[in-house]
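The values are calculated or read from the model by the stated rules, or taken from the named source; none is laboratory data. The structure displayed is predicted, hence computed values, not measured ones. Reconstructed Cβ throughout: ideal geometry from the backbone, glycine too, with neighbour counts over all protein chains shown.
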Number of protein chains: 2
Amino acid sequence: MKKGVTTLKMLAQHLNLSVSTVSRALNDHPDINENTKTKVKQLAKSMNYTPNIFAKGFRKHKSNIIGVIVPNITHYFTATIVRGILEQASIQGYRVIISESDNDVIKQNEMLHTMIQFGVDGILASLTKMTRDIDNILPIVDTLPLILFDKVSDKIPCTQITINDEEAAFNAVEHLINIGKKRIAIIKEREFSYTSEKRYAGYLRALKEHNIEIDEKIILSVDDISLMQGKRMANILLSIKKRPDAIFAITDTAAIGVIQTLNKFNIEIPEEIAVVGFSNSKHSTIIEPKLTTVNQPGNAIGKTAIKYLINEIENDNEADLIMKKTVEIKTELIVRASTFKAS
Amino acid sequence: MKKGVTTLKMLAQHLNLSVSTVSRALNDHPDINENTKTKVKQLAKSMNYTPNIFAKGFRKHKSNIIGVIVPNITHYFTATIVRGILEQASIQGYRVIISESDNDVIKQNEMLHTMIQFGVDGILASLTKMTRDIDNILPIVDTLPLILFDKVSDKIPCTQITINDEEAAFNAVEHLINIGKKRIAIIKEREFSYTSEKRYAGYLRALKEHNIEIDEKIILSVDDISLMQGKRMANILLSIKKRPDAIFAITDTAAIGVIQTLNKFNIEIPEEIAVVGFSNSKHSTIIEPKLTTVNQPGNAIGKTAIKYLINEIENDNEADLIMKKTVEIKTELIVRASTFKAS
């Protein structure tokens, strides 16, 4: 059999497994049982399957360009990650081209393939919200170095750089409990969104661990988590008979809408209602009272992601030895006047 | 002589003119006299000079990808332009790759050439602050469609999309005069920056037209026009014996630093000191009092730029008929509480 022609898909068909399973088996993913791993590896060997065959070809003509794909380049948190990527790229002598998927799986796949044709040395990607069909992304892992950040998927066997949204939200809500709040509302996204779900899970866990009753009436979901929706939700929460004494919005933007509405009705923050956001946007220090929020270290995420990628690019010969791992960048709760009044 | 081999540079050398002059002569730029135009055109004809020769080659393999180069992708105003570009690209069926020059001329030229090699159909560029050496950019005009936006250069014969910074600043300062302010400070950039110089010129013209004395003591220049510098400059202005009664900061970021400092010292805004910014960033409606500022329609700039570019790409045969022009997108002064108290 001609070397280098075997694809992941062929291995998958031979074994009647999914491409995902084959790929993860070859990468020693803990979710795959040893039996399957052995079968896959044996077949891969007998069929002369060579991972990274295209990547090796590209790297002979190393372009020193890294491709970055994100759902929305102008989103604040994404922009801070991109800033970290660009700063570190400059230090390590790489150029970067950036493209936006517009949260559209088809556009995302098109741009991934365009970048590969272009001859980038590696790709950093943050996936679309709806990336459930990962079959188009899996073969890329065998083509060239790929690292996921922020919006990741544990079904793709590559290094992933992320934050622990669940834990960060847990800490934010526990802080509200620690300052004496007992009736904590949440404003989250209605549609399936990985980060929203994780933050909601953190909220629920904090309430449960502190034996606080969960009340559906103060769990509000919105289609788009915007400033306007923050205002609208605050109005709804104020009209409830048994008002909340704290509001956790899963983004700063919505939290700022909440504060503007509370200010309008002269509600004392934090005494009557405390407010916590998420992301430590610049807005959070411009609104009065200043917003308590979770700092997502976008710059560090970007820098870490590109460092791992360049490591993979430059250590191609040992590509199979590089452990694919999930790296969690630490978040931090920044306490400001919206939850804490200096005496 | 073999067709298509003649370059702009060769024409320039033959005539002992600069590449810029030759390029502008061929594009009927108004700055070039008729005599020179005739000479250049005759030589171009006799040497079989064919503009857009590479562009035509590329367009046989139309990639439907547009390259965008900006000094800093995470800068707020730039991000709004990029958003406009991406929205319009999507409507017209084009993909976009974005790169950052980091305000570095060498990186800018590298990326321009990388994008051309990549086979983009056209390029939208906002130049680095220090782009004085345009020799590397001029040949691109003959290679494929190029349109400049925001940070432009009238030395490059291509369509340019911009705002009138001088007039916008004039209107902002005249507004301060109209509300009765007589001692208006400015916070601008120290280093040469096209936009800062234009806004400063508008400030000076407004004062002159209204016979207001120009006082160097309240004309402050900073190295980086940041929130911190806004605070620092406000402190300086408050320590001056004859305090200003208004402050015009050439960016919202600095204006917000000014407001935060005035708030700290309980100075009544706008009664004691009015404040005007520039760019209508999101922050401008989050700070209290809300900031009067110049709206720069970034989205419209982006959309207009890519519409002109796609027009050039898709009407390649008539490329020489497309008038290169400067399109000014209208700004608007948005009056808010930092200069106007509703009674």
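The sole residue among A:Y49, A:Y76, A:Y94 that is within 24 Å of the chain's Cα centre (by Cα), buried (at least 20 other Cβ atoms within 10 Å of the Cβ) and at pLDDT below 90 is A:Y76. Report whether or not A:S99 is out of contact with any Gly (no Cβ under 6 Å at 6 or more places or on another chain), within 9 Å of chain B (Cβ to nearest Cβ) and of a type in the set (G, A, S). So A:S99 passes the test. For region B:241-252, a residue qualifies if it is buried (at least 24 other Cβ atoms within 10 Å of the Cβ) and either without any contact (Cβ under 8 Å) to a residue 40 or more places away in the chain or not assigned by TED's automatic domain parsing to the domain that holds B:D223 (or both), and exactly one does: B:T251. When B:F278, B:F265 are screened for being hydrophobic (A, V, I, L, M, F, W, C) and within 27 Å of the chain's Cα centre (by Cα), only B:F278 passes. Just one of the listed residues (A:L204, A:L144) is over 18 Å from A:P71 (Cα atoms) and modelled with pLDDT of 95 or more, namely A:L204.
Residues that are part of a loop (DSSP other than H, G, I, E, B) and of a type in the set (K, R) within region A:225-241 comprise just one, A:K241. Determine whether region A:293-309 contains at least one residue that is in a loop (DSSP other than H, G, I, E, B), on the phi < 0 side of the Ramachandran plot and charged (D, E, K, R). No; the residues of region A:293-309 include none that is in a loop (DSSP other than H, G, I, E, B), on the phi < 0 side of the Ramachandran plot and charged (D, E, K, R). The number of residues in region A:264-287 being in contact (Cβ under 8 Å) with a residue 24 or more places away in the chain, within 13 Å of another protein chain (Cβ to nearest Cβ) and farther than 14 Å from A:E332 by Cα comes to 5.
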